[in-house]
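I have placed the structure first, in the form of structure tokens, so that the comments after it can refer back to it.
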Amino acid sequence: MSALRRKFGDDYQVVTTSSSGSGLQPQGPGQGPQQQQLVPKKKRQRFVDKNGRCNVQHGNLGSETSRYLSDLFTTLVDLKWRWNLFIFILTYTVAWLFMASMWWVIAYTRGDLNKAHVGNYTPCVANVYNFPSAFLFFIETEATIGYGYRYITDKCPEGIILFLFQSILGSIVDAFLIGCMFIKMSQPKKRAETLMFSEHAVISMRDGKLTLMFRVGNLRNSHMVSAQIRCKLLKSRQTPEGEFLPLDQLELDVGFSTGADQLFLVSPLTICHVIDAKSPFYDLSQRSMQTEQFEIVVILEGIVETTGMTCQARTSYTEDEVLWGHRFFPVISLEEGFFKVDYSQFHATFEVPTPPYSVKEQEEMLLMSSPLIAPAITNSKERHNSVECLDGLDDITTKLPSKLQKITGREDFPKKLLRMSSTTSEKAYSLGDLPMKLQRISSVPGNSEEKLVSKTTKMLSDPMSQSVADLPPKLQKMAGGAARMEGNLPAKLRKMNSDRFT
């Protein structure tokens, strides 16, 4: 505890989380670590258990149960082990008894059972004189034991045909049952037992954003190839049309757009979901989480490196398993020549300062505390139109001769003045770009911003001959020179120049 405080500061406190899934009561300003207690909550039904098992049962299938027989191989693989072993033993026992009965019937119909001890008689199968001997002959033939005491003779064509049928049937039964057992034993479900998920998810600030986080880890040294993680939010809701959607599934972005969902799962990783305007938790706060009911389903998929088969591990977090204002304890430390992972602290969290408000409430408070944001948003369209008009004037300037462009190029200040004075929020730092006369007018307390804008608009809308008197002396001299040179221009250029100023 003291080492943690030296590393992270006095505001952080380790919390030992339990596996019962109970929520933690927020610590008030007057409460100490010893006064923090677990608040018992009523255990509700989960959609996905912590071990990944889905609590879904299919009922009232009716005639649809015949679909299971159409895919018999998958049906046998999906059965539990006790049923697989029962079917395995039963199938071989029935097949053996049936084939032994067939050999006994052949021996009975040919009379071999009564003439088995006659010296000069050639039976269908030598030394088969009752049912146990027929059963032993079948086992020796099927298992290719071949003791040499019982054997088929060439005086029995029906025995040869039965022998061929026995070989084909035995191969089919072996392929089907042994294949089912092999597939069931090689299923990568048990590989998911060595993939760990944290018992709790946490919500705290990361990189200045409110973030939902949980931790995953791999206990084996063999890697998960192409590991990918996905998250689903299960929450019941009602549409505006009145339709009730139980367990509606919403996607939680854990880095799909940035590629952060592709994991290199060598050491424990913390998976993050940034809560923003696109997140389903946009209006979730610490207070509202006490009344919310939701379940976060986490799905981790990857290819097992040793077998090449796809493995999927699942878990879920209910609302009482999400800790507000907590962060995971670090588990990786640098040793001499390697990195060490301490899995004893895999589930441990500690408290961090976190605002109890939702992201939506934080944005609203920020908007209310900044009154300049609203006028800037409402006038953005007008400012955009003004800039488009000025860009159109720039296109006309490029068509003038180079000497005329140099003369008229000094008149950028009306356009800059229009851009600077288009919004109220930009008034404070736009005075430096105005002429001295307009700066003095705007600094007088009795002159409002509307007068300043009207003055500027009048300067832009009046003819050049009327606005020269309001310009500074240096610009008056330049404008006068431009007027004298305009008289020497051709009529077409004079017309283009006059259209520009008007």
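At a probe radius of 1.4 Å, what is the per-residue accessible area of Phe264, in Å² to the nearest 10?
Surface accessible to solvent at Phe264 totals approximately 150 Å².
How far, in nm, would the chain grow between Leu72 and Glu364 when pulled straight, counting 0.36 nm per residue and subtracting the alpha carbon separation?
Working: separation 292, 0.36 × 292 = 105.12 nm, distance 5.90 nm.
Computed gain between Leu72 and Glu364 is 99.2 nm.
Suppose R0 equals 51 Å; then what is the FRET efficiency for Thr310 and Glu158 from their Cβ-Cβ distance, rounded to the nearest 0.05?
With a Förster radius of 51 Å, E is 0.55.
Pull out the extension gain between Met185 and Leu250, defined as 0.36 nm times the separation in residues minus the alpha carbon to alpha carbon distance; nm, one decimal.
19.9 nm
Taking the Cβ-Cβ separation of Tyr357 and Ile178 as r and a Förster radius of 60 Å, what is the calculated FRET efficiency to the nearest 0.05?
Once the sixth-power term is evaluated, E becomes 0.45.
Report Rg (one decimal) and Dmax (nearest whole number) for the range 78-187, counting Cα atoms only, units Å.
Here Rg and the maximum Cα pair distance are 16.7, 58 Å.
Return the FRET efficiency for the residue pair Phe264, Asp207: r is the Cβ-Cβ distance, R0 is 30 Å, and the value is rounded to the nearest 0.05.
So, using R0 = 30 Å, E works out to roughly 0.90.
Using a 1.4 Å probe on the protein chains only, how many percent of the accessible area of the range 78-187 belongs to carbon and sulfur?
Values: 4900 of 6950 Å².
Here it works out to 71 percent.
Stretch Tyr92-Ile299 to full length: gain in nm at 0.36 nm per residue minus the Cα-Cα span?
Separation in residues times 0.36 nm, less the Cα-Cα distance, equals 70.6 nm.
Residues of the range 129-173 with the amide nitrogen closer than 15 Å to a label point 7 Å from the Cα of Tyr108, along Cα-to-Cβ, please.
Within reach of a label on Tyr108, which here means backbone N under 15 Å from a point 7 Å along Cα→Cβ, the range 129-173 contributes 129-135.
If you roll a 1.4 Å probe over the heavy atoms of the protein chains, what accessible area per residue do you get for the range 190-364, in Å²?
52
Which links in Lys50/Lys184; Lys232/Lys360; Lys232/Lys340; Lys115/Lys155; Lys80/Lys235 stretch past 26 Å when you go from one Cα to the other?
Lys232/Lys340; Lys80/Lys235
When only the heavy atoms of the protein chains count and the probe is 1.4 Å, how do Thr153, Thr65 rank by accessible area, highest first?
The ordering from most to least exposed comes out as Thr65, Thr153.
If you roll a 1.4 Å probe over the range 190-364 with all protein chains in place, what percent of the accessible area is carbon or sulfur?
Values: 4540 of 9030 Å².
Carbon plus sulfur share of accessible area: 50 percent.
Can you give the accessible area of Lys189 in Å² (nearest 10), computed on protein heavy atoms with a 1.4 Å probe?
140
The values are calculated or read from the model by the stated rules, or taken from the named source; none is laboratory data. Quantities reported herein were computed from a predicted structural model and do not represent experimental measurements. Heads up, the Cβs are rebuilt from the backbone with ideal geometry, glycines too, and the neighbour counts pull from every protein chain shown. Just so you know, the surface numbers come from the protein's heavy atoms only, side chains and all, with ligands and any DNA or RNA stripped out. Shrake-Rupley method; radii C 1.70, N 1.55, O 1.52, S 1.80 Å.
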